[in-house]
Amino acid sequence: AARSVTSTFAVHEPSMNDRRAADAAIAEALEGALQRDEFTVLYQPIVDLASGRVVAAEALLRWQHPLHGAVSPATFIPVAERSGEIVGIGRWVLEQAVRQVAAWRAAGADLSVTVNVSPRQLQEPHLARDVLAVLERAGAPAESLVVEVTESAMVDEAVEVAALRRLRSAGVRIAIDDFGTGYSSLQYLTRLPVDILKIDRSFVAQMDGTPEGAAIAEAVIRLAQILRLTTVAEGVETEGQAAELLALGSERGQGYLFSRPVPPEQVSALVARRQDA
Ligand code: C2E
Ligand code: CA
Ligand code: CA
Ligand code: CA
């Protein structure tokens with residue numbers, strides 16, 4: 001089985017059959033990966049654009065396969081969603097992230113943590129109750145957690161909205177990830193309980209100092225202001241983008257300009273450096 005995994009992981013421009021074989025190989029390799037300790041969580045700082053202060057960090061999953069090395073979450077998360085493995089993996093990420101935010105706060109850093117939650121997890125009957133139990137066990141307040149959801153793959157919207165409402169009424173904040181890239185962004189806003197809009201990095205990448213380049217980012221920021229939501233711009237790579245986003249009124253930014261996803265100690269170091277400055 002290991003050999004077929006090797007060959008199918010590396011397929012470029014796959015045909016339908018190749019892709020199915022690759023997915024099956026990834027799905028097989030994912031089984032038990034959690035128990036074999038193949039996952040880690042990195043954290044990418046989210047900064048307040050006006051002050052440069054780190055205010056939060058996004059938990060991003062990493063999979064180190066014994067044979068294939070690092071496998072991108074963009075490759076394995078969709079497979080884990082289809083196979084259902086995402087439920088166990090996602091729960092593990094949530095536990096790691098919540099324990100981590102409790103540790104940061106115990107050490108005096110006033111941070112929150114954001115966790116990607118897949119639609120499949122939102123379908124789990126006791127998700128909200130489980131999340132709140134994880135927070136309680138770790139001694140982390142609900143306000144220290146942000147749940148990031150995407151709008152692209154709503155399975156049963158009523159169930160998901162109910163789960164999100166329960167979380168939000170307990171104090172957990174909800175962010176819409178990759179805002180503007182899904183198929184029903186605007187309608188979605190009126191139905192979902194939301195606190196934060198994450199401006200997809202494709203819109204940030206289009207910002208080039210011209211009004212046309214900034215049009216979508218600007219429109220999302222205005223919309224968020226009217227709805228009293230916080231915006232986080234994703235994929236900020238240049239000082240120019242950061243300055244333009246701040247001028248347009250986006251409160252927060254995340255991207256390689258500030259930091260790549262890093263181990264948790266490095267987030268603490270970045271926070272400490274800002275406090276000394
Ligand atoms: P995402 O939630 O949109 O996360 C942001 C992605 O953009 C991350 O990719 C991050 O490393 C990358 N990124 C951050 N700053 C920059 C930048 O300045 N430039 C560029 N080009 N990229 C930047 P990553 O870590 O490879 O994750 C990919 C996707 O996998 C995530 O996209 C998310 O949808 C999914 N994912 C990651 N971890 C989890 C998880 O624990 N659970 C679930 N359900 N999905 C996850
Ligand atoms: Ca995200
Ligand atoms: Ca995103
Ligand atoms: Ca994304």
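Close contacts from the range 21-34, counting a first residue that is more than 14 Å from R82 (Cα to Cα) and a second that is open to solvent by 50 Å² or more (accessible area, probe 1.4 Å) and in a helix (DSSP H, G or I), with Cβ to Cβ under 6 Å and a gap of 6+ residues or different chains, come to L34/W92.
Looking only at residues in the range 177-208 that are open to solvent by 10 Å² or more (accessible area, probe 1.4 Å) and within 11 Å of ligand 1 (Cβ to nearest atom), the one that is nearest to A56 (Cα to Cα) is D177. Return the residues of the range 18-41 that are open to solvent by less than 40 Å² (accessible area, probe 1.4 Å) and part of a strand (DSSP E or B); say none if nothing qualifies. Residues satisfying the conditions are F39, V41. For I46, the conditions (1) farther than 17 Å from R173 by Cα; (2) in a strand (DSSP E or B) are fulfilled apart from (1). Consider the range 133-163 and keep the residues that are at pLDDT 95 or above, part of a helix (DSSP H, G or I) and not acidic (D, E). The one that is farthest from the chain's Cα centre (by Cα) is R137. Here is the figure for the range 98-132: residues that are in contact (Cβ under 8 Å) with a residue 60 or more places away in the chain, in a helix (DSSP H, G or I) and either in contact with a Gly (Cβ under 7 Å, 6 or more places away or on another chain) or open to solvent by less than 50 Å² (accessible area, probe 1.4 Å) (or both) total 2.
Scanning for something assigned to a loop (DSSP other than H, G, I, E, B), aliphatic (A, V, I, L, M) and free of Cβ contacts under 8 Å to residues at least 40 places away in the same chain, does the range 86-96 turn up at least one residue? Within the range 86-96 (the criterion being assigned to a loop (DSSP other than H, G, I, E, B), aliphatic (A, V, I, L, M) and free of Cβ contacts under 8 Å to residues at least 40 places away in the same chain), the answer is no, since none of the residues qualifies.
Out of the residues in the range 177-191 meeting the condition of being in contact with a strand residue (DSSP E or B) (Cβ under 9 Å, 6 or more places away or on another chain) and hydroxyl-bearing (S, T, Y), tell me which one is modelled with the highest pLDDT.
Y188
If you go through the range 230-255 and keep only what is within 16 Å of ligand 2 (Cβ to nearest atom) and either open to solvent by 50 Å² or more (accessible area, probe 1.4 Å) or among the hydrophobic types (A, V, I, L, M, F, W, C) (or both), you end up with V232, A233, V236, R252.
Just one of (1) within 14 Å of ligand 1 (Cβ to nearest atom); (2) open to solvent by less than 50 Å² (accessible area, probe 1.4 Å); (3) modelled with pLDDT of 90 or more; (4) closer than 26 Å to S250 by Cα fails for V220. It is (1).
Counting residues in the range 49-66 that are in a helix (DSSP H, G or I), open to solvent by 10 Å² or more (accessible area, probe 1.4 Å) and at pLDDT 95 or above gives zero. Within 15 Å of R53 (Cβ to Cβ) and within 22 Å of the chain's Cα centre (by Cα): does that describe V262? Judged against the criteria, V262 is not a match. Does I174 satisfy the condition of being touching a Leu at 6+ places or on another chain (Cβ under 7 Å), within 16 Å of ligand 3 (Cβ to nearest atom) and either at pLDDT 95 or above or open to solvent by 40 Å² or more (accessible area, probe 1.4 Å) (or both)? Answer is yes for this residue.
The values are calculated or read from the model by the stated rules, or taken from the named source; none is laboratory data. This one's a predicted model, so the numbers in the text were calculated from it and none came from an experiment. A quick note on method: Cβ atoms are made from the backbone with ideal geometry, for glycine too, and the neighbour counts reach across all protein chains shown. Accessible surface areas use protein heavy atoms only, side chains included; no ligands, DNA or RNA. Shrake-Rupley method; radii C 1.70, N 1.55, O 1.52, S 1.80 Å.
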